[in-house]
Amino acid sequence: MPEGRTLILAPIGRDAQLIADLLERLGRPCHVVKALSELSQNISAGAGAAIVSEEALRGAALHEIEMVLKQQPSWSDFPLILLVSGGRVTIESERLRKLRMPLGNVLLLERPLRPETLLSTLEVALRGRQRQYQVRDQMLQMERAQEALRRSEKLAVTGRMAASIAHEINNPLESVTNLLYLLRTEASSELMQKYLDQAESELARVTEITKHTLRYYREPNKPVQVDVNAVLDSILTLYHPRLVAANVSVTKEVPATTIFVCANPGELRQVIANLVGNSLDAMRMGGRLRLRICLRRSPSTKTGPQLSLSVADTGSGIDPALLPTVFEPFVTTKGETGTGLGLWVIQELASKNGWKVRVRSSIGPRHKGTIFSILIPVGSAPNRMEQGLALSS
Ligand SMILES: Nc1ncnc2c1ncn2[C@@H]1O[C@H](COP(=O)(O)OP(=O)(O)O)[C@@H](O)[C@H]1O
Ligand SMILES: [Mg+2]
């Protein structure tokens, strides 16, 4: 395991060989390197600690190792055992000490070296490093688990969407079947024409749904210029049967000019679908869904304008005690039917893409409801369509 080995850099004299012999005798894996560049490569490849003589870290070399150590991942704090010359504190030794301060995890050993001191110091350094590698492995496991959660939420959303699509297609197909039956028995040419027209418009609806669905699956899985309003429309088309069944009316407010944002369309769709799905869940007894897109000038002068997309409902509202936790994974009030992952995924996608998520909710007897807003930077990406659009703040 390279992660347990000790690297040795002491280019002048016999220190390197003596230390290597000592460690090898004790069965401690080690590797002598000749230059700083070789040391850096070996640290990246995995190592437990490094024993470095101070002559190897003079001038530019000190700066070089500082750069290497600065680039360590967040879990890493690589231990350096520095062999320094013993004796009194002098102006020179103080100057060197200050120069070495940015190196971080440094243990100083004075020469002449005593083997016991070297070994016990190395032991402490290697143990510390082993803990760092454990932290790295745990972080990796956590990342994998989070990825699995993200995928399972995506599957759950896709499953619900599929059920919604099947239902949506079934309605017009049933109408067409009935119309065909009527046509078979109908003699009046006037009525026949009417039935044919109806069947045609029902089939047009099926075509529209399939087009939306296909677009969803053919969307590029990378950031492109997306018309948020078109994504909104396509989600509304797919949620149409659930909205009707739940007696929910929909109003949509969008600027006269199309706003494009640079985003991964699938991710944007997932965010909006999750929000609309939650609103629907909160309005079992009917209500109003208000969707709004507007362009806002950001309060900070550093960032440019932002697109604000809000999904507001007159549903049950979120209990103030629950509100601070709704973005955490597995927080759900829906029992078996909820995963508690929808808002967590939204938060994850938002922080990945530099979007902001805001929520306000009330459970008061007079004003019940929830509003979620997503703020997406419009950015400097090619955005011809937004020119001339009035900014609201
Ligand atoms: N629009 C909303 N109205 C009321 N409650 C909501 C709304 N959106 C989210 N919530 C609350 O936040 C919880 C977490 O939502 P979410 O992460 O999407 O998981 P799930 O929908 O699977 O429960 C929900 O169970 C619900 O209690
Ligand atoms: Mg949800």
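Structure data summary
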read-out: Net charge of neighbours whose Cβ lies under 14 Å from the Cβ of residue 218, counting Lys and Arg as +1 and Asp and Glu as -1; value: +3
read-out: Using alpha-carbon coordinates, inclination of helix 115-185 to the longest axis of the chain, degrees; value: 10 degrees
read-out: Of all DSSP beta bridges in the chain, antiparallel share, percent nearest 5; value: 55 percent
read-out: Local electrostatic count, residue 308, Cβ distance below 10 Å [Lys/Arg +1, Asp/Glu -1]; value: +4
read-out: Point-to-point label distance, residue 203-residue 178, nm (Cα→Cβ direction, 7 Å offset); value: 1.9 nm
read-out: Highest to lowest packing among 196-208, 50-62, scored as the average C-beta count within 10 Å; value: 50-62, 196-208
read-out: Exposure proxy order (Cβ contacts within 10 Å, fewest to most) of 69, 155; value: 155, 69
read-out: Highest average packing first - 337-345, 319-327, Cβ atoms within 10 Å; value: 337-345, 319-327
read-out: The range 325-376: trypsin sites (Lys or Arg not before Pro) in DSSP coil with no more than 16 other Cβ atoms inside 10 Å; value: 334, 366
read-out: Ranked 224, 276, criterion: other C-beta atoms within 10 Å, fewest first; value: 224, 276
read-out: Contour excess over end-to-end distance, with Cα ends at residue 356 and residue 323 and 0.36 nm allotted per residue; value: 10.2 nm
read-out: Additional length obtainable on full extension of the chain from residue 26 to residue 88, 0.36 nm per residue less Cα span; value: 19.1 nm
read-out: CD proxy at 222 nm, helix term only [per DSSP H run n ≥ 4: -39500 (n - 2.57); per residue of the chain; nearest 500]; value: -17000 deg cm²/dmol
read-out: Distance between modelled label sites at residue 114 and residue 99, nm, 7 Å Cα→Cβ extension; value: 2.9 nm
read-out: Residues whose placed amide H lies under 5 Å from that of residue 32, excluding near-sequence neighbours; value: 8
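Here, each number is a calculation from the coordinates, and none is a lab measurement. Please read all numbers here as calculations on a predicted model, not as lab measurements. Please note: Cβ atoms are built from the backbone with ideal geometry, for glycine as well, and neighbour counts cover all protein chains shown.
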